[in-house]
Structures are given as structure tokens and as C-alpha cells.
1. Could you tell me whether residue 88 is at pLDDT 95 or above and not in a loop (DSSP other than H, G, I, E, B)?
2. When you check residue 362 against the structure, is it more than 33 Å from the chain's Cα centre (by Cα), farther than 21 Å from residue 269 by Cβ and in contact (Cβ under 8 Å) with a residue 60 or more places away in the chain, yes or no?
3. Anything in region 785-808 that is buried (at least 17 other Cβ atoms within 10 Å of the Cβ) and closer than 14 Å to residue 723 by Cα? List them, or say none.
4. Considering (1) crowded, with 23+ Cβ neighbours inside 10 Å; (2) under 14 Å from residue 512 (Cβ atoms); (3) touching a helix residue (DSSP H, G or I) at 6+ places or on another chain (Cβ under 7 Å), say which one residue 210 fails and leave the rest.
5. Taking the stated definitions as given, is residue 463 surrounded by 24 or more Cβ atoms within 10 Å (Cβ to Cβ), in contact with a helix residue (DSSP H, G or I) (Cβ under 6 Å, 6 or more places away or on another chain) and modelled with pLDDT of 95 or more?
6. Which condition number does residue 810 fail, the rest of (1) at pLDDT below 95; (2) under 29 Å from residue 754 (Cβ atoms) being met?
7. Against the condition assigned by TED's automatic domain parsing to the domain that holds residue 106, modelled with pLDDT of 95 or more and buried (at least 21 other Cβ atoms within 10 Å of the Cβ), how does residue 173 come out, does it pass?
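The values are calculated or read from the model by the stated rules, or taken from the named source; none is laboratory data. Values in this document were obtained by computation on a predicted structure and should not be read as measured data. All Cβ positions, even for glycine, are placed from backbone atoms using ideal geometry, and neighbour counts span all protein chains on display.
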């Protein structure tokens, strides 16, 4: 009976759907528009142009457009095949379709409107797409309420509104705030308006451009001189949902090796080897926690990649082993330009030539360009076979114990030519699963070249060491490049303005998929003043990658460079980073699952904090940021000045991380000056007077922060309990929560269950007591901690008693903090404080 009812129901639905499709098709034919519902979207055509819209998920649409008979190849370097081929069924409508979250409407001129199911327009074409030969331009409506974020580490303000940008990876030593383009092309942005977010990925690898109201304040636009109109719309409405959808589309940042989250010391260059060893010794002698040291190009023989200067680094392998014994992980640079050295016994050139691995001139000869080694050839990374060959070049270094690799100059940079790169007509041979085999010009491949270089490195390291997490640092990349490498903001400068720009750059990189990112601490070009270097080290302690790096000829950047007063301040912040390592590693593990960045803008966690619907980051000048989801860092927005500045805390309870002082922010943020704020509210602004040694840091009420005893490197096992610091919200009904994640920090065994994840929760009871819950451990890994030390802020005990799983124990009080210690058990704990 059930089978018969099911058959009849399915038959009825099929007939209704078919009737709807017929009616839809007939309706649009009346407009002279060919309209073909596809089950997961629609394909429409008019005036020789085809528009195809597909629903990959209920909240993700793909939009493609082409001239009739010239459909572009359905392939992508950025989007994962599984995501690109996903689909959901949609409900056809007379002028489009709807999913469970979005409604798509197509005009008779193929203009597109996307709205939510309540009729709120999320994006609307301002006019039909314009074509000039192969060149195209897409224009969308823009309102004064729209703010735009993303596009990677483009310099300038956090909000892209009113600006225009080009996507063309460029070696830009000495770039400044108005410089564009620079090193990366990540054609993804988030449109945030009235608390709702829509992400847009424009998957076109040519030299594309984006205009966020510079030419016309009522429009945004994007386009390219060639290539496909192929873009994705990712709806929230919460911005977190957009960021996670982007990770689903292009892949999240992989879980990094734990050591890469430690302090990293670098310079161009530590030369000879004795200087590198002196730096390593000083770091350990001064007890400055650190985990990585870098070697720039001078360690190579005549700047030739994959070689070692035996004269100045005579015992390279032994040096690497000694550094490892001292718990330093060595990262070496491996630029992609291979020295053009026929008949010189230079293995990378010889093996590459034998395998026909290098890019070609239009006449079929090998292209040669000038870079650090002199005349050089360039691997053809669009060939899977070339990337596999490239990966084999790391065998000697990995067998020596070199821990990480730095892919620089991979825009690709070429000296002595105005374009700073290879000519547009250089030939790349695409030989890649999912792509048609063909030859493409460099004009098409340029923006993905650096990403495919880092991909070759990442996959090559996996082939050599299948159970070791690779660490690759790349300068150039494209959307999706976060799957293969961490990144940094390139050759910044030792100025206060570049320190200021670091926050919006790293935040926008995180929104663009690159959660593992940083900026050269102290600035690469130039010599920072002692105060500038100190402030930069302070801020960098709360950023994903903390690498102190300097150019050749600049004054020393090391922590001790400016005497004991500055060293003490700098050391204290690096130490705090190591105490927070459990919290930082937990955030890194989360980003590997859902794409939420380690360093976040405030609107990601507090999208509705502003009364006027703006991102509250715009009121802060884009200078404040979240370190993980619970810690807010508020550096001086004008760091070279000594005047007091306002810290903008989102609504709720907040604690000063250093002192424990509590603040209540009960009102939504408003765009008012301080005088207006004083008149309209009793909630006075939080003003901070900057000092050299202070960086304002705050913790959100309701948070639980895991912390560790101080170590000198992540290789060292912390001695003592895991501190579980609990920050209660003022509202007794509001629960608090947090977690800690750990594993061996280096292998992929966590995929087999060898990890430990522990969730913590707490709730205030009606009788004034506090209940803390430690849930049973997830995973089979045995963590380093054997006990917990709970520290509670924002709660006052009445009886000064504590029970751990029914047994009485001592409860300490230290000012406004209550403390209790207990044994850590896999099956969980229940703690009651009275």
C-alpha cells in the first residue's frame, strides 16, 4: 500500500513540475527569450547571449554567461570539483526559480536579480552585461549602505567601498597604501549590508578588475579583457556563513604544523651559517620562545634554487640537525626560477630540460628571463607532470630535516622588463585532470602561476613525507591557494603606516580564505625605530603567523636589538602568545574545518552590533580585530601618536585580558563623535592612553580560554595543568562555553582519531553557585595535560567551597578570581563552586 501511495505521489509531483516548466517556458517565449529550466537552475538566452544559473546549494549560486556558440570551458583552478558539480533541485518560476533561501529573477535583457525569500534584494544587475569583443563588464547596483571586504591583502582601508582594483600578481617592492596591484589575485569579496552578507567569487584568471563605486557611486562592477563570465554568489545571511561557504567552495586552510604558529625569526640574510647559529643561541640564551628560523637566497650557491653555498654553509646537513636538537624548525627559500645552466651539472635544470618541464616562447623554444641567478627558466606548473617533477626537487632538503619551504618571487617576477614578469604570449601547456588539454598564453595563466607553484611544493612534500604536514609559504596566489600554502603581505616597509595597514590586510586575507597569514614584523624595507619594532612585535603576537623579517642592509630586527628595556617588552608578548598556544591551535583546527579565520573582523562575530547596520569595524577604522572568536585586540589606530583613543567594544560583557577589569557595553554601536555620544548615552566611551609597553586586549564575557604553562618551543611539553580561564557574562542566564583541541602537532594521525577535543561549559545556578562541565574527551589522543586549573572571573563565591565530581576540594580566591584545580579525566568532570 505504501509503495502504491508513494508511486502516485511521485507521479503527481512529476506532472505538476512538468506543467510548471511548460508554463514557464511559454511565458518567457512571449518575451522573445529562450528559457530552459534545468531542474537545478535555468538557462536563458536572448540576442545571441546565453545565461546559465545553477544552484549548487540552497545558499550558493553559480552564474555563467557566454556568446552563443562560444561556451567557455567548464573547469576551474579555484573551485573544488565536488563543489562545482554539486546541485540542488529548485522550484521554477515564470521569470526564474527559487531555492529554500534564494529567489532568482531574470529580466528580458538577461539582467539578474537575487533576493531572499522575504523579497529583500541581495544583488541586482544595474544594466545588461556589456561586451567589446572578448572583453566584458558586469555592473551591479550599489547603495550607500553597502560595505565590501575581501580581495586578499590589497593595501588601503578594510572597506573596499569607493575604490577600484586590478587582479594581476605583481612584484611590488616598496608598495604603499595606494599601490595596486600587488602580489596576489583573490577575486572574492563580501557585500555586507544591513547585517546581511553576500559573497561573490569571480572565477576568471585573466587580468580582471573590480570597481566598488569609484567610477559610479551607484554601481559596482567587475570584468576582464578575456576569459569566462563565471561567478558564484554565496548567501549568509550571517557573514560567518558566507566565509564557511567560500571554504566549502574553494577549500579551507589545512591544519598547519603546530610549530608554524610559534615565533619565527628571519632575515635577508643570515649569512654565513655562523650568524644563523648565533641568532639561534641568543634566542635560547635569552629565553625568547621561538620555533622557526629562515634562510633567504644567500644560503644558495650563486642564488641557484635547490643548491647550498658550501663555502659559507660548509656543514649544512649537520647544521639542520643541530637546530632541530635545539627545537628550531628551519625554513629555506626555494624560488621557482631555475638557473639556465646547460652542461653545468645543475640537476634542476638538467632534469627539467630532460622532462620538457619549462614554459615556452611562441616559437616553441624555452623562455629565458633574468632573475636572481641570472638567466633563468620557469617550470610549466599547469602540467601535473611538471608539478610532480618539481616536488622531487625537495628530496635532499627533506631528508636533511629542513622543515618548511618558502616560495618567493612566484608572480612570477622577472628582472629588467617594464612588466616585471614574463610576456603575455608565453606558452603554458595545460595538462590537468578536469581541464581540456590545450596551450594557453601567460595572459590567462599569470594569476594562477604562483598558486600552482605552491601546489607543486605542497603536493611534492606530501609525496616525499606522506604523514608530515607540509609548511609552505607563498608570496603570490589565487583564490583557493589557501589549500596549499600560508602567505604574507610581501615586501612591506618599516613605517608606522605599514604597521597600521597590517590589520586590514591580514583580516581581508582571512575573509578571502587565507587564515594562515602574516606581515613581515618590523617591516621588510627600511629600518624600524626601536619603538616601532616593539609595537609591531606586540601586535604580531596576536596574528596567525608571527615572523620577524628584514631586508638586506637594514639594521637588526631581532628581539634584543634595542637593549634590555625593549627586549623585555617584546619578550613578554611573545611569551603570552605561547601561553595562548592551546587557544591558537584550537582556532587553527577550527579554520581547517569551517574556514572561519584565526584573525577576524568584528562584524564576523557581531554582524548586528551597529544600530545603523554598518559593519562596526568601520567605526573602529578597521584597526581592532578578533584573535579567534573570543579575544579582541585594540591597537592604536594612529600608532605613531600619543593621544588617547577610543576602544570600541561590541555589546555585552568584556574583560581586560591583562587586569581582569570588567566592562559592560549594553548599547548598539552608533556612528557618533564623542561629544554626541556623551550627550545621548550614559555609556561613556572607553578611552585608552597609549604607552610603549601596553596593547589593549579584551575577552568576551561567556568565553572559556584554554592556556598552557610557558615553554620555549612547541616541541617542549608544558609542565603543569591546562589553565581553563572562564569569563562570565553579567547576565546570569547566559551560559559560557569553550573548547581545547590538541594532537601530535605534526602528522595526519588526527584523521584516524588521534586527537583530543574537550568541550567546556558553565552555568550560574539560581542559588548563586557556578556549575562547570567538562564533557567527555573526543578522540583517542593522550594530551599533555594531566590536570586542569579553572580560573573564574566575574563570579563571587558565597561559601568558598568546591566540589569536583561529588568530592569536596579547596577553592582559592585571588582578588576577583576564583580558582580550583582538578585531575583531568577522559570521561569528563562536573565541578560546582559555591
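1. no
2. Considered against the rule, which asks whether it is more than 33 Å from the chain's Cα centre (by Cα), farther than 21 Å from residue 269 by Cβ and in contact (Cβ under 8 Å) with a residue 60 or more places away in the chain, residue 362 comes out as yes.
3. Those that are buried (at least 17 other Cβ atoms within 10 Å of the Cβ) and closer than 14 Å to residue 723 by Cα: 785, 788, 789, 790, 791, 792, 793.
4. The failed condition is (3).
5. On the way: surrounded by 24 or more Cβ atoms within 10 Å (Cβ to Cβ): no; in contact with a helix residue (DSSP H, G or I) (Cβ under 6 Å, 6 or more places away or on another chain): yes; modelled with pLDDT of 95 or more: yes.
In short, no.
6. (2)
7. It is false that residue 173 is assigned by TED's automatic domain parsing to the domain that holds residue 106, modelled with pLDDT of 95 or more and buried (at least 21 other Cβ atoms within 10 Å of the Cβ).
This table checks each residue for (1) under 29 Å from residue 495 (Cβ atoms); (2) without any contact (Cβ under 8 Å) to a residue 12 or more places away in the chain; (3) in a loop (DSSP other than H, G, I, E, B).
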site: 136; (1), (2), (3): no, no, no
site: 143; (1), (2), (3): no, no, yes
site: 156; (1), (2), (3): yes, no, yes
site: 161; (1), (2), (3): yes, no, yes
site: 170; (1), (2), (3): yes, no, yes
site: 173; (1), (2), (3): yes, no, yes
site: 199; (1), (2), (3): no, no, no
site: 210; (1), (2), (3): yes, no, no
site: 231; (1), (2), (3): no, no, no
